[in-house]
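No lab work stands behind these numbers, since they all come straight from the coordinates. Note that the coordinates shown come from a computational prediction; the quantities given were computed from them, not determined experimentally. Cβ atoms come from the backbone with ideal geometry, glycine included; neighbour counts cover every protein chain shown.
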Amino acid sequence: MLMEESDTLGKMARNNTKAGNTSPKSQKKMQVCGKILMQLADDGHEVVDKPGFAEELQAHFNRLPTRYALDVHTDRAEDVLTHKQLLEEAKVPENRPVFHVRAVQILPVEPQDEPMSPAADTIGGNGQLSKFKLAPPVFGSTPNLEALAMDFNNKSSYNGEDTDDSHHSQSANHPQLPMHEITFSTIDKPKLLSQMSALLADVGLNIREAHVFSTTDGYSLDVFVVDGWPTEDTSDLRRALFSALSAMEKGVWEKKLQPITEAPAILGPVLHPESGRNPSPLPGSSGPDDWEIDISQLKCNQKVANGSFGDLFRGTYCGQDVAIKILKPERLNENLQREFQQEVFIMRKVRHKNVVQFIGACTKPPNLCIVTEYMSGGSVYDYLHKQKAVLKMPMLLRVAIDVSKGMDYLHQNKIIHRDLKAANLLMDENEVVKVADFGVARVQSQSGIMTAETGTYRWMAPEIIEHKPYNRKADMFSFGVVLWELLTGKVPYSDLTPLQAAVGVVQKGLRPTIPKNINPKLAELLQKCWKNDPSERPEFSETTTMLQQILKEVNEDLDDESKRTKDKKLGGLFSSFKRTTVR
């Protein structure tokens with residue numbers, strides 16, 4: 001049988017070569033698929049005898065990203081079968097979302113001289129032994145989870161907790177850390193990860209690790225390692241998850257991709273998305289139609305960026321250099337229309353030198369677009385991470401001051417950005433930085449308190465991650481992360497997935513590491529921005545003043561240093577002159 005499977009894989013490899021699929025990624029998927037196939041055969045699974053199964057398994061790997069093949073443990077072949085089955089079941093709308101639950105164990109590396117139980121099992125492929133009968137997570141015990149288990153063990157030992165194993169499947173020598181692995185599959189869509197994490201939180205679970213995959217045909221496979229459930233038994237946890245899923249709105253797991261062929265009612269004159277009222281006209285404007293773009297005067301010259309829901313072009317409008325964000329008609333749905341509507345409403349009411357200038361919009365489908373001034377310097381993110389630019393302190397502070405001023409203006413006008421990050425900060429030809437991208441921004445409610453999460457996990461405030469009420473101070477937390485980016489030139493939490501970073505921020509108080517050699521006042525400002533209590537974070541009016549004062553001191557120090565260098569050179573010149581005269 002192994003010879004037959006080997007022949008099948010060889011044939012598939014030759015077919016891939018003929019089809020031009022010889023990239024390292026394709027080869028890696030093929031290798032891992034072969035190892036899984038052999039492991040299943042070694043385990044005596046009858047499924048390997050099914051005609052065409054090898055091709056089906058390879059198709060499973062091909063529809064998932066390469067990191068799935070890189071992360072999965074090849075001796076956990078049954079888990080791959082589970083994933084394959086879940087993705088197949090998710091094709092039936094009535095099933096969605098499908099999920100699988102199992103108890104897992106995490107154990108740090110044991111000392112080499114510690115005697116092992118005769119019943120020990122091998123974990124993953126790393127040769128480490130465990131006294132637990134439960135399997136490890138599908139993607140193995142990462143250092144993150146091992147450290148978590150070590151923390152738990154140390155805490156239990158310190159507190160003198162009872163390590164009686166009468167209720168748990170483990171040796172009495174180790175305290176129990178009940179964990180479960182929950183795998184979901186459904187239609188992939190925006191903010192799905194947020195809905196999943198909220199669902200798990202509602203059940204009382206804490207996400208310790210997550211592996212999130214999207215297939216090439218529009219499905220998701222999301223694997224969460226969680227704790228918070230009191231026992232290893234999975235039956236009650238399954239019922240709790242099923243109950244939570246049943247309580248959610250019908251259709252929340254569906255994605256509407258139907259193109260809009262006629263203007264929906266909400267896309268007439270742009271209304272305030274919360275009050276439903278017409279926005280008041282801009283100063284000097286006769287009404288909201290003043291910003292409606294004449295599409296015949298708009299010309300797209302060059303695509304500069306693309307995304308799942310829209311493309312960004314450089315172009316001209318009535319001879320003026322502009323940036324044009326065009327929404328893809330085939331991706332339009334109610335949520336995307338609402339965000340488009342919101343962005344137009346907010347951008348048309350703001351005017352500030354540190355906020356990207358709105359020029360107009362086309363609100364008549366299928367040509368939905370927003371036109372702004374063109375920022376030739378690109379994004380601060382690209383400047384830092386793609387061009388690998390290192391900012392000198394005076395320029396760094398000027399960039400931070402520009403951002404702080406722009407955000408202060410938005411907050412004075414009751415606008416919360418909610419997605420402040422380096423990618424949403426643009427530079428013009430004079431290196432003036434402006435705040436951009438108001439797709440998820442909101443006008444602050446009368447009370448000043450808002451709910452529902454949004455933004456990007458690496459920059460997100462803990463209260464938003466936890467779906468708690470929040471206010472404008474959430475932007476200040478994000479500003480602190482942006483300031484850290486400017487200082488270090490690094491992506492925040494680059495060694496973690498976005499969801500791992502979010503979990504760390506909320507549950508462990510994780511923050512980016514402040515460099516030791518930075519200005520003490522900047523270090524103090526970062527700490528203030530990242531306070532867990534939003535009320536303890538500063539206002540942008542305060543940060544602007546603080547940064548301006550630091551810039552003043554930095555410039556004075558540079559002037560003094562320049563003066564000392566000049567005096568030293570002059571002193572050397574006069575000394576040389578005197579020696580020549582004496583001779």
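Taking the highest mean first, how do the peptides 384-390, 225-231 order by number of other beta carbon atoms within 10 angstrom per residue?
Per-residue Cβ counts within 10 Å, averaged per peptide and sorted highest first, yield 225-231, 384-390.
Could you pull out the pairs from LYS29/LYS84; LYS386/LYS521; LYS328/LYS421 whose alpha carbons sit more than 18 Å apart here?
Among LYS29/LYS84; LYS386/LYS521; LYS328/LYS421, the Cα-Cα distance tops 18 Å for LYS386/LYS521; LYS328/LYS421.
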